[in-house]
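Step one of this worksheet: look at the structure below.
The values are calculated or read from the model by the stated rules, or taken from the named source; none is laboratory data. Quantities reported herein were computed from a predicted structural model and do not represent experimental measurements. Please note: Cβ atoms are built from the backbone with ideal geometry, for glycine as well, and neighbour counts cover all protein chains shown.
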2 protein chains.
Amino acid sequence: MTLVSAIEKQRQLKNATKTKVAVAKGDGIGPEIMEATVRILEAAGAKVDFEYVDLGEKMYLSGHSAGIDNHAWETIRKNKVIFKAPITTPQGKGYKSLNVTLRKSLGLFANVRPVEAYTPYVQSHFPNMDVVIIRENEEDLYAGIEHRQTQDVYQCLKLITRPGTERIVRYAFEYAKAYGRKKVTCMVKDNIMKITDGLFHKVFDEISKEYPEIASETQIIDIGSARLAANPENYDVIVTANLYGDIISDIAAEIGGSVGMCGSANIGKDVAMFEAIHGSAPDIAGKGIANPSGLINAAVAMLTHIEQNEVADKIKNAWLATLEEGYHTADIYQEGSSLKKVGTKEFAERVIKNLGSIPSKLKESRLQDGNGVIQIPEYVRQVEQKQLVGVDVFLDWGGNNPNELGDDLSDLSTSKLGLKMITNRGVKVYPEGLSETYCTDHWRCRFVGKDGSELNYSKIDFEEIVYLLSKLNNSGYEVIKTENLYEFSNKRGFSLGQGE
Amino acid sequence: MTLVSAIEKQRQLKNATKTKVAVAKGDGIGPEIMEATVRILEAAGAKVDFEYVDLGEKMYLSGHSAGIDNHAWETIRKNKVIFKAPITTPQGKGYKSLNVTLRKSLGLFANVRPVEAYTPYVQSHFPNMDVVIIRENEEDLYAGIEHRQTQDVYQCLKLITRPGTERIVRYAFEYAKAYGRKKVTCMVKDNIMKITDGLFHKVFDEISKEYPEIASETQIIDIGSARLAANPENYDVIVTANLYGDIISDIAAEIGGSVGMCGSANIGKDVAMFEAIHGSAPDIAGKGIANPSGLINAAVAMLTHIEQNEVADKIKNAWLATLEEGYHTADIYQEGSSLKKVGTKEFAERVIKNLGSIPSKLKESRLQDGNGVIQIPEYVRQVEQKQLVGVDVFLDWGGNNPNELGDDLSDLSTSKLGLKMITNRGVKVYPEGLSETYCTDHWRCRFVGKDGSELNYSKIDFEEIVYLLSKLNNSGYEVIKTENLYEFSNKRGFSLGQGE
């Protein structure tokens, strides 16, 4: 087992020298809050060297459609850590999201978002909320593979992979271990998506066994989201797939009252990126009134990533103490309960003055209580015996009588492949459909391997499928897509039709 | 334009006679709460005739794997309305979810879940919450079409259709109109899924124009869920796709404190089903202490569906008055604030006694203020010119150098089809990939129509694809699936790769 290379490298370098970090000052309020945060990092004694890069609006407008130039790419890939203030994507066509580009290109597989409530200093219904959401960041429906196939029907592929799932689940348990967390909750919808979300659940169960000291549980995403929204205090670390994580990490930030206070990390095998979750707020840019807290919390996450947990605790506790004192920026200032409305700089000064203090009411940060460094072994593919046993052929067909289609396709069966069933939007319509089932122009026709005249998912060769496609095409049918049917280790690798 | 046939029929029959309803008493607490609810319906003068059917545990255990026999099917299909108490699905393999079977087989396309807060009688942080979530109920990822394709990769198809989307969006606006609602909010993730969720958003914009008297807005599902969880008072009617709706309807019920109080409707073109959202609670069955409120609210929804809005209001207001009086079942009884802890029967008696009363603090039900009957025209397919311009061929390939694969596949291009790019989990890896991109064994290879040597998505014939597949197979490549690339009215019907 080899370890994540960048972290290993950083560990070796740790005591010798400062960690180099690429820093992007961003747009809008970015430069102000970055300046304030960097001052705090320096005052706290963080062993960090800053190398500034230009990202965002200026780069977009000078002709880089992704908002980044080669120099910035090189600096980021060399330093392996990027600390990034919010950027502005100019209005207009052709500008791609820089965050999506960085995440996908650099393989930032884990999005980590800690959300805490800071009542009574920031309002929330949930004073004891302290949850970390770890979201798979690369695959699922967000792979962005979409096809319009007929007049009626549009499709997006949801891809869940074993390496991607192993990595994110292991990251969640390693995170819990490293930062002294007690429980990891997995959220999936495997009562419906038994194969894709079923894999996520299965991998979670496998890997949780390696961490007996950490409690684990799995919840269905609908109930899980609802319980998170109603009782977030019951959660510690949550790990989930991309789309679900996108939804619940926004729920957590919003109900924690923390959209302006949260930092987030995007972690890759080689590179990691740290940022605030809020935007560049151009309407208040340059006024010196922005709240730097989101970026300060991102800095805390960055320090833990580069194994400077003590400095991370020092900054976090000084920041908590500042909130308690009532030195509040305008966005969280409350007449009566706050002591003084301060600007960005004065807030940072107060945090610096409080370095060494710990909060008296809010929960003290004890990141150093964790146990070591996050280690993710390389994925090792386990090869199962794989056998082709049929094919789902999807047709664009404008008729409305499934029996007409089914009978005709049965006649077109080859000597090796026969029609088993037809579904429309997943519901079986042939043989023996119900008249209430509404049919679109998108027909999934399942042909399976024959054993004599028996349709029993017998082994076939791919050339049989090619022959079938040719025969269907020559008979005037419009094939729009195919999905092969496989068994893995003699177990069915595909779902049955509703009613099959 | 023809109208929904069942509703039309019911309207004609309305003044002539009672509406026949199939009633399932269910399992666990089902029979008790159904008996209580039926007594209230009768006392309130609902024009309903009950025809009892057996569904659920008894049927499962007598050998019907879906929990329903032919007699029950016939009764439901004949009466067109089913009123259903919670059922128990026995533990063990081979028992299919009755709800999924009913929903899919009967084409119950809309799930409707009203959620109100009843503070201070039921605790919630959101006293003014009063939202109706209308969820598409048949398609999306819940079509259940899944395939394992390689050692690493598992896939589920998300299908969004124009007829399905038109129908659910129109249902939402018609619902708002019929029950005096002011605003419909659409939730999608079309910043990522531009083709599938893009269609949902587009159809919503088209149809909202037909209802200028109702406000409309669209939100991204992550932010939308978060805002719903934090400020549900800002929502009125929400319409969304199946998975998103599953999540947010549970969030709404949970934060409203109403899981035990909510009813829900499943509406089809021909048949509609009404039920409580909670389960059969076998632990308290037979004790006479269960809260019938969920089923009472389902009855209210049923009465509006069969156009007995006045009776619906009468029951709802009597029920609200009973909550206010403090006659509470054990699940919502609070020492100090409740007046009396009552059982199922006594609660129903009190509701009957209050028929004619209106609540003094809680919001009075005024369903009769709406405007007419929900009418959904038949879908009319608009046929656009469709042209085949390429194919995505997916390979199971165990190598790890995309350039090796890409160069070889370029050599295998035919005279009409050439390799344009390769992606892995949606990220372009050939030509010109980045070394940081992690690659699974699942390669999407895009071949597009050539014009001479130019790869420019020129028109091709399907037989070119058949020829390419044969050539790839003969060269030793394992094709696992295909997705044709189409233009519709000369516009691209597929997404580009990240980085294409």
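Each residue in segment B:44-74 was checked for being farther than 29 Å from B:D283 by Cβ, touching a strand residue (DSSP E or B) at 6+ places or on another chain (Cβ under 7 Å) and either within 14 Å of another protein chain (Cβ to nearest Cβ) or buried (at least 21 other Cβ atoms within 10 Å of the Cβ) (or both), and 1 pass. Selection of segment A:89-125 for residues being among the polar types (S, T, N, Q), surrounded by fewer than 22 Cβ atoms within 10 Å (Cβ to Cβ) and under 30 Å from A:I76 (Cα atoms) yields A:T89, A:Q91, A:S97, A:N99, A:T101. Anything in segment B:153-166 that is touching a Ser or Thr at 6+ places or on another chain (Cβ under 9 Å) and either within 17 Å of B:D246 (Cβ to Cβ) or crowded, with 24+ Cβ neighbours inside 10 Å (or both)? List them, or say none. Within segment B:153-166, B:V153, B:Y154, B:Q155, B:C156, B:K158, B:L159, B:I160, B:T161, B:G164 qualify.
The residues in segment B:193-211 that are farther than 25 Å from A:S249 by Cβ and facing another protein chain (nearest Cβ under 7 Å) can be counted, and the count is 1.
On the given criteria, is A:A143 surrounded by 23 or more Cβ atoms within 10 Å (Cβ to Cβ), of a type in the set (G, A, S) and free of Cβ contacts under 8 Å to residues at least 40 places away in the same chain? So A:A143 fits the description; yes.
Checking each residue in segment A:79-112 for being of a type outside the set (V, I, T), in contact (Cβ under 8 Å) with a residue 12 or more places away in the chain, more than 23 Å from A:V169 (Cα to Cα) and more than 12 Å from chain B (Cβ to nearest Cβ) picks out A:N79, A:F83, A:K84, A:A85, A:P86, A:P90, A:G94, A:Y95, A:L98. Quick check on A:E35: is it assigned to a helix (DSSP H, G or I) and farther than 20 Å from A:P90 by Cβ? Yes; evaluated as a whole, the condition is true for this residue.
Checked against (1) in a strand (DSSP E or B); (2) under 18 Å from B:T482 (Cβ atoms), B:V429 passes all but condition (2). Only a single item in (1) over 30 Å from A:N291 (Cβ atoms); (2) crowded, with 22+ Cβ neighbours inside 10 Å is not met by A:K209, and it is number (2).
On inspection, B:Y179 does not qualify as crowded, with 23+ Cβ neighbours inside 10 Å, touching a residue at least 24 places away in the same chain (Cβ under 8 Å) and not charged (D, E, K, R).
When segment B:460-498 is filtered for residues that are crowded, with 20+ Cβ neighbours inside 10 Å and either on the phi > 0 side of the Ramachandran plot or assigned to a strand (DSSP E or B) (or both), the ones remaining, listed by number, are B:V479, B:I480, B:K481, B:T482, B:E483, B:N484, B:L485, B:Y486, B:F494, B:Q498. I'd like the residue in segment A:434-450 that is in a strand (DSSP E or B) and among the charged types (D, E, K, R) and, out of all such residues, is farthest from the other protein chains (Cβ to nearest Cβ). Going through the qualifying residues, I end up with A:K450. So which residues in segment B:442-465 are at pLDDT 95 or above and either within 28 Å of A:I160 (Cα to Cα) or among the aromatic types (F, W, Y) (or both)? Correct list: B:H442, B:W443, B:R444, B:C445, B:R446, B:F447, B:V448, B:F462, B:I465.
For segment A:226-236, a residue qualifies if it is surrounded by 24 or more Cβ atoms within 10 Å (Cβ to Cβ) and of a type in the set (A, V, I, L, M), and the qualifying residues are A:A226, A:L228, A:A229. Checking every residue in segment B:181-192 against the condition of being under 23 Å from A:G257 (Cβ atoms) and within 20 Å of the chain's Cα centre (by Cα) gives at least one match.
Yes/no per residue for (1) surrounded by 15 or more Cβ atoms within 10 Å (Cβ to Cβ); (2) in contact (Cβ under 8 Å) with a residue 24 or more places away in the chain:
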position: A:N309; (1), (2): yes, yes
position: A:A312; (1), (2): yes, yes
position: A:A318; (1), (2): yes, yes
position: A:H328; (1), (2): yes, yes
position: A:G336; (1), (2): no, no
position: A:L339; (1), (2): no, no
position: A:I352; (1), (2): yes, yes
position: A:G356; (1), (2): no, yes
position: A:L367; (1), (2): yes, yes
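When restricted to residues that are part of a helix (DSSP H, G or I) and either under 23 Å from B:G245 (Cβ atoms) or facing chain B (nearest Cβ under 9 Å) (or both), segment A:231-275 contains 15. Pairs linking a residue in segment B:451-477 that is facing chain A (nearest Cβ under 8 Å) to a residue that is loosely packed, with under 13 Cβ neighbours inside 10 Å and assigned to a helix (DSSP H, G or I), with Cβ atoms under 9 Å and 6 or more positions apart or on different chains, are B:E463/A:N474. Taken over segment B:113-133, residues that are of a type in the set (V, I, T), more than 12 Å from chain A (Cβ to nearest Cβ) and touching a Lys or Arg at 6+ places or on another chain (Cβ under 8 Å) amount to 1.
Each row is one residue, and each column tells you yes or no for (1) of a type in the set (F, W, Y); (2) touching a Phe, Trp or Tyr at 6+ places or on another chain (Cβ under 8 Å); (3) under 27 Å from B:Q382 (Cβ atoms).
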position	(1), (2), (3)
B:V169	no, yes, yes
B:E174	no, no, yes
B:K182	no, no, no
B:D190	no, yes, yes
B:T196	no, yes, yes
B:E217	no, no, yes
B:D222	no, no, no
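Results for (1) in contact (Cβ under 8 Å) with a residue 24 or more places away in the chain; (2) assigned to a loop (DSSP other than H, G, I, E, B); (3) crowded, with 21+ Cβ neighbours inside 10 Å; (4) more than 14 Å from every other protein chain (Cβ to nearest Cβ), shown as yes or no for each residue.
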residue: A:N191; (1), (2), (3), (4): yes, yes, no, no
residue: A:E213; (1), (2), (3), (4): yes, yes, no, yes
residue: A:S216; (1), (2), (3), (4): yes, no, yes, yes
residue: A:G224; (1), (2), (3), (4): yes, no, yes, no
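The set of residues from segment A:153-173 being at the interface with another protein chain (Cβ under 7 Å from one of its Cβ atoms) and of a type in the set (A, V, I, L, M, F, W, C) comprises A:V153, A:C156, A:L157, A:L159, A:I160.
Scanning segment A:112-139 for residues that are in contact with a Leu (Cβ under 8 Å, 6 or more places away or on another chain) and outside any strand (DSSP E or B), we see that the one that is farthest from A:C439 (Cα to Cα) is A:Y121.
Within segment A:140-185, being assigned to a strand (DSSP E or B) and within 30 Å of A:N309 (Cβ to Cβ) holds for A:K183, A:V184, A:T185.
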